[in-house]
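Peer 1: Quick one: the structure is below, questions incoming.
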Amino acid sequence: MVTIEDYPDIETEWCPGCGNFGILKAIRKALVNIGKAPHEVLMVSGIGQAGKLPHYMKCNMFNGLHGRTLPPATGAKIANHELTVLTVGGDGDAYGEGGNHLIHAIRRNPNITAIVNDNKIYGLTKGQASPTSELGMKTKVQTHGVVNTPLNPLALAISLDCSFVARGYAGNIEHLAGILEEAIKHRGFALVDILQPCVSFNKLNTFKWYTERVYRLDEEGYVPDDRIKAFERSLEWGDRIPIGIFYKKEKPTLEDGFGVLGEGTLISSPKDQTLVDELIDSFM
Amino acid sequence: MEHDISIRIGGEAGQGIQTIGLALAKTFQKSGLHVFSTQYYLSRVRGGNNYFQIRVSDRPVRAMSDRLDMLIALDRKSLEKYMEELNDGVVLLDAEEFKIPSYDKQLFDVPFQKIAKGTGGSKLYTSTVAMGAVLGLLCFELRYLEDVLRDTFSKKGEEIVHTNILAARAGYEHAQNNYKDKCKYSFAKAGRTSRKMLIDGNDAVGLGALAAGVQFLASYPMTPSTGVMNFVAAHADRFNVIVEQAEDEISALNMVLGASFAGARAMTTTSGGGFSLMAEALGLAGMTETPAVIFLGQRPGPATGLPTMTEQGDLLFALHASQGEFPRCILAPKTPEDAFYLTAKAFNLADKYQIPVFIMSDQYLADAQFTCERFDTSKITIDRHLLSDDELRTMDTYRRYSITPDGISPRALPGQSKHLVVADSDEHNEEGHIDQTADNRILMMEKRMRKLKGLTMEMEGPDVYGPQEADVTLIGWGSSYGPLAETVELLNEEGQSLNLVHFTHIYPIKSEEIRNMITGKGTTVCVESNATGQFAQLLKAEAGISVDMNLLRYDGMPFTPGYIMRALHEKKVI
């Protein structure tokens, strides 16, 4: 049986009070609840404070390039679909540098859970705007305030008919762990955007600010099976901010489309070298 | 009697030039003759002026000839453009279409369309009529073409096969009845040799990859590399290969690295522009020591350049792409046959040294068909260099980047055992976790770079073609082998003294061995399809060899023996 001791605490380099701590705890909890042992899990991360997260986990890990979490995760999932594959990166990683990969990962629908630690600011480079920074937010680069319309990751994903779309809050670990558990169990691509206060650089979207605003969709009897309703909820942002599962749809995964994976993993698939000779003969 | 003729089929894109060219090349091959074919096309699906050229001979051929003996002109532009190259050759054309007199000494009228409609009831059979007419003019046995048509159309049903054969016969008879004695080229008595393969560079790379057990290919289509992706995709289901078309080249190589990290033999295919987008992931392969095979089909750059033409202009880019330093390997096949074996070798080297390995080709080799001996699969081995499940079971701890004398850290796969596999793009310690200390950096840098030593030992030195010692030594790499070898042959027959030192194992280079081969007394001329003599620069930097002269071509066209000989004359080397 997998217990929380299988995922021990490891010293981190995050600022004290960082929202990442709650996210890390929730990920561990979710994996324990599902019964996934460290060697069955592959975490693929990008660059940024969020990208360091797998270093503070005990599991297989591929800490790749900034914005490029989804392509190697997709490749690894195709190679060995028995691995539980999670990606983790920040808002700059997933929505800025990696925006195109996100769009196409949603279209492909691999059985991967994409976790985005969305603090609406660049932490590792110390405080520039991110794609999700709010209008008017002043930074050392956006000195007159952000003028670009913030990217709405949930609305984007729902518009692409993403098979699982959710939002968690780093300040509610229990609830976040539940969402992550559902996301990992879901067959298909799951996007979990996580509201993550940045105590050092984002003085606007703080723990206090979020705690006053977030409400749980499930507590209002919301059922995540309707794309239009989900889209409406995804636009809600202000005095009330919904968290929970917005949209869920069963559909064929990327792996379902590859016949060879029906027999086992790609890396264990048999090779028949006599076929090469047959093919060579067709050139004679 | 010796036969060596060149046939060009010219016309607009969409007129069936390739269909005619491929079928004729196959027909000559099936009869046992040696064939070399190449294509010239513009970046468009319809219109323009393209051609397909076939050289057929009863002795081995591996380059374009500078002589044109027969032109099948499907449009007026082909007639106007290529007539002067013909000298005393002949043209087959549809005189009615071109509104010109039906016959003169060089122009042979074959009403392709009329015959097609008469026998097949449709203009669709025009190409087949043309194939028949070419063979009729050459007095070549029609049965080989009939076999090719049967192979090509059998899937479409017996009626289509039959109509095509009728159309070919009608074209054949028209040529025989009207021009039997008027064409000086006859293959009626051509000597037959044993059956050969007929294959182009791209298909040979694809075949090499399948023979090497490739399991995953991710690419974004880009001329002239797309053929490899198409070939592997066409056979993917039978070979248990997964092919994924990525959203861009950044994704393509990153997907390959993810798949490779998880244990799949993986490759990507691209050209210079796409490879530019891969530079970042190339460094990721270097840092995480993840095997990857990169097929780089060169075309003239920079930027979009000449999309459908040829160049060897990306050598130093492939050698230096990405920030930082790490070992890599560059192989450049000289023929399709070589491409098959080198591709298989690329996978083994990538796995053994846990590095990116390039197969560098170009548009010329990608599309050029050669006849060659049947590929010998018994020469192919698949060496994965992975820890076995048993080895992992007996290990107390596993560290992905353990320090070893040869720099190669034993490789396990994620999920293979209880041992965790940790890879990082940051500088990392033996376990794979971020470590930014100076001592660790030195250890890891030296570990990675140590792999170059073993890798260098696996490189093969250059081929020497012609005499061991000569007055002039031509130096070449990759696809230029054919025209260079033929240049050496032709000039030595004329009494000149030349040899060729030709490289297919480009990097790392075996400096000492090469110094001994090249520092002879003759004049050295490095022949390359680029403007700056990139391979000559590599020789200078890596082996300390300075060539006496560069012979460069960068107009997008491939080398021919004629071009090389003219340039050698101009440089007063011969």
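The values are calculated or read from the model by the stated rules, or taken from the named source; none is laboratory data. Quantities reported herein were computed from a predicted structural model and do not represent experimental measurements. Because the Cβ atoms are built from the backbone with ideal geometry, glycine has one as well, and the counts that use them run over all protein chains shown.
Peer 1: Residues of the stretch B:213-239 being part of a strand (DSSP E or B) and facing chain A (nearest Cβ under 9 Å), which ones?
Peer 2: Within the stretch B:213-239, B:PHE216, B:ALA218 meet the criteria.
Peer 1: Looking only at residues that are more than 21 Å from A:THR265 (Cα to Cα) and of a type in the set (Lys, Arg) in the stretch B:409-447, which one is nearest to the other protein chains (Cβ to nearest Cβ)?
Peer 2: My answer is B:ARG441.
Peer 1: For residues in the stretch B:192-212 being within 9 Å of chain A (Cβ to nearest Cβ) and farther than 22 Å from B:ASP237 by Cα, which is surrounded by the fewest Cβ atoms within 10 Å (Cβ to Cβ)?
Peer 2: Top of the filtered list is B:ARG195.
Peer 1: Which residues, counting only those in the stretch A:53-89, are more than 7 Å from chain B (Cβ to nearest Cβ) and either buried (at least 24 other Cβ atoms within 10 Å of the Cβ) or assigned to a strand (DSSP E or B) (or both)?
Peer 2: The answer is A:LEU53, A:PRO54, A:GLY67, A:THR69, A:LEU70, A:LYS77, A:THR84, A:VAL85, A:LEU86, A:THR87, A:VAL88, A:GLY89.
Peer 1: Answer yes or no: is there a residue in the stretch A:191-210 that is surrounded by fewer than 18 Cβ atoms within 10 Å (Cβ to Cβ), without any contact (Cβ under 8 Å) to a residue 24 or more places away in the chain, outside any helix (DSSP H, G or I) and not hydroxyl-bearing (Ser, Thr, Tyr).
Peer 2: There is at least one residue in the stretch A:191-210 that is surrounded by fewer than 18 Cβ atoms within 10 Å (Cβ to Cβ), without any contact (Cβ under 8 Å) to a residue 24 or more places away in the chain, outside any helix (DSSP H, G or I) and not hydroxyl-bearing (Ser, Thr, Tyr).
Peer 1: On to the next question. A:ASN111 versus (1) crowded, with 24+ Cβ neighbours inside 10 Å; (2) more than 8 Å from chain B (Cβ to nearest Cβ); (3) polar (S, T, N, Q): which is the lone unmet condition?
Peer 2: So the condition that A:ASN111 fails would be (1).
Peer 1: Related question: Take B:VAL129 and tell me if it is surrounded by 22 or more Cβ atoms within 10 Å (Cβ to Cβ) and not polar (S, T, N, Q).
Peer 2: Against the criterion (surrounded by 22 or more Cβ atoms within 10 Å (Cβ to Cβ) and not polar (S, T, N, Q)), B:VAL129 qualifies.
Peer 1: Kindly establish whether B:SER388 is away from chain A (no Cβ under 11 Å) and either among the small types (Gly, Ala, Ser) or without any contact (Cβ under 8 Å) to a residue 12 or more places away in the chain (or both).
Peer 2: So B:SER388 passes the test.
Results for (1) under 26 Å from the mean Cα position of the chain (by Cα); (2) under 24 Å from B:GLU337 (Cβ atoms), shown as yes or no for each residue.
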| site | (1), (2) |
| --- | --- |
| B:TYR481 | yes, yes |
| B:THR487 | yes, yes |
| B:GLU512 | no, no |
| B:TYR554 | yes, no |
| B:PRO558 | yes, yes |
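Peer 1: Something else about it: Output yes when any residue across the stretch B:385-397 is modelled with pLDDT of 95 or more, in a loop (DSSP other than H, G, I, E, B), out of contact with any His (no Cβ under 8 Å at 6 or more places or on another chain) and among the hydrophobic types (A, V, I, L, M, F, W, C), and no when none is.
Peer 2: yes
Peer 1: Within the stretch B:398-408, which residues are away from chain A (no Cβ under 13 Å) and either over 39 Å from the mean Cα position of the chain (by Cα) or assigned to a helix (DSSP H, G or I) (or both)?
Peer 2: Once the filter is applied, which keeps residues that are away from chain A (no Cβ under 13 Å) and either over 39 Å from the mean Cα position of the chain (by Cα) or assigned to a helix (DSSP H, G or I) (or both), the stretch B:398-408 yields only B:ARG399.
Peer 1: Those residues that are assigned to a helix (DSSP H, G or I) and over 14 Å from B:LEU568 (Cα atoms), I need them from the stretch B:488-523; list them, please.
Peer 2: B:GLU489, B:GLU493, B:SER511, B:GLU512, B:GLU513, B:ILE514, B:ARG515, B:ASN516, B:MET517, B:ILE518
Peer 1: Sticking with this structure for a sec: Look through B:LYS447, B:LYS451, B:LYS418 and report the one residue that is without any contact (Cβ under 8 Å) to a residue 60 or more places away in the chain and surrounded by 15 or more Cβ atoms within 10 Å (Cβ to Cβ).
Peer 2: B:LYS447
Peer 1: Does B:GLN496 meet the test of being surrounded by 15 or more Cβ atoms within 10 Å (Cβ to Cβ) and not assigned by TED's automatic domain parsing to the domain that holds B:PRO336?
Peer 2: Against the criterion (surrounded by 15 or more Cβ atoms within 10 Å (Cβ to Cβ) and not assigned by TED's automatic domain parsing to the domain that holds B:PRO336), B:GLN496 qualifies.
Peer 1: Which one is surrounded by the most Cβ atoms within 10 Å (Cβ to Cβ), of the residues in the stretch B:261-288 that are out of contact with any strand residue (DSSP E or B) (no Cβ under 6 Å at 6 or more places or on another chain) and aliphatic (A, V, I, L, M)?
Peer 2: Per the criteria, the residue is B:ALA262.
Peer 1: For the stretch B:249-343, please list each of the helices (runs of 4 or more DSSP H) lying entirely inside it that holds at least 3 residues being within 11 Å of chain A (Cβ to nearest Cβ).
Peer 2: Counting at least 3 such residues, we get B:249-261, B:272-288.
Peer 1: Among the listed residues A:GLY259, A:GLY264, A:GLY221, identify the single one that is within 9 Å of chain B (Cβ to nearest Cβ) and either touching a residue at least 24 places away in the same chain (Cβ under 8 Å) or not β-branched (Val, Ile, Thr) (or both).
Peer 2: Selected residue: A:GLY259, the only one of A:GLY259, A:GLY264, A:GLY221 that is within 9 Å of chain B (Cβ to nearest Cβ) and either touching a residue at least 24 places away in the same chain (Cβ under 8 Å) or not β-branched (Val, Ile, Thr) (or both).
Peer 1: A further question follows. Counting only residues that are free of Cβ contacts under 8 Å to residues at least 40 places away in the same chain and aliphatic (A, V, I, L, M), which one in the stretch B:214-239 is nearest to B:ASP362 (Cα to Cα)?
Peer 2: Filtering the stretch B:214-239 for residues that are free of Cβ contacts under 8 Å to residues at least 40 places away in the same chain and aliphatic (A, V, I, L, M), the one nearest to B:ASP362 (Cα to Cα) comes out as B:VAL232.
Peer 1: Given the criterion polar (S, T, N, Q), in contact with a Ser or Thr (Cβ under 6 Å, 6 or more places away or on another chain) and farther than 18 Å from B:GLY201 by Cα, identify the matching residue among B:SER31, B:SER57, B:SER65.
Peer 2: None of the others qualify; the one that does is B:SER65.
Peer 1: To continue, here is another question. Just to be sure I understand the filter: pairs with C-beta atoms under 7 Å, separated by 6 or more residues or on different chains, first member in the stretch B:84-95 and touching a residue at least 40 places away in the same chain (Cβ under 8 Å), second member among the aromatic types (Phe, Trp, Tyr). Which pairs pass?
Peer 2: What qualifies is B:VAL90/B:PHE108; B:LEU92/B:PHE108.
Peer 1: Kindly indicate the residue of the stretch A:150-173 that is in a loop (DSSP other than H, G, I, E, B), under 15 Å from the mean Cα position of the chain (by Cα) and of a type outside the set (Gly, Ala, Ser) and also nearest to A:LEU195 (Cα to Cα) among those meeting that condition.
Peer 2: Once the filter is applied, the top-ranked residue is A:ASN152.
Peer 1: Would you confirm whether or not the stretch B:524-534 contains a residue that is outside any loop (DSSP other than H, G, I, E, B), closer than 24 Å to B:PRO467 by Cα and acidic (Asp, Glu)?
Peer 2: Within the stretch B:524-534, one or more residues are outside any loop (DSSP other than H, G, I, E, B), closer than 24 Å to B:PRO467 by Cα and acidic (Asp, Glu).
Peer 1: Another question, if that's okay. Suppose we filter the stretch B:62-104 for residues that are of a type outside the set (Val, Ile, Thr) and assigned to a loop (DSSP other than H, G, I, E, B); how many remain?
Peer 2: Selection size over the stretch B:62-104: 19.
Peer 1: Condition check: over 22 Å from the mean Cα position of the chain (by Cα) and either buried (at least 24 other Cβ atoms within 10 Å of the Cβ) or closer than 23 Å to A:GLY96 by Cβ (or both). Does A:VAL116 satisfy that?
Peer 2: No; evaluated as a whole, the condition is false for this residue.
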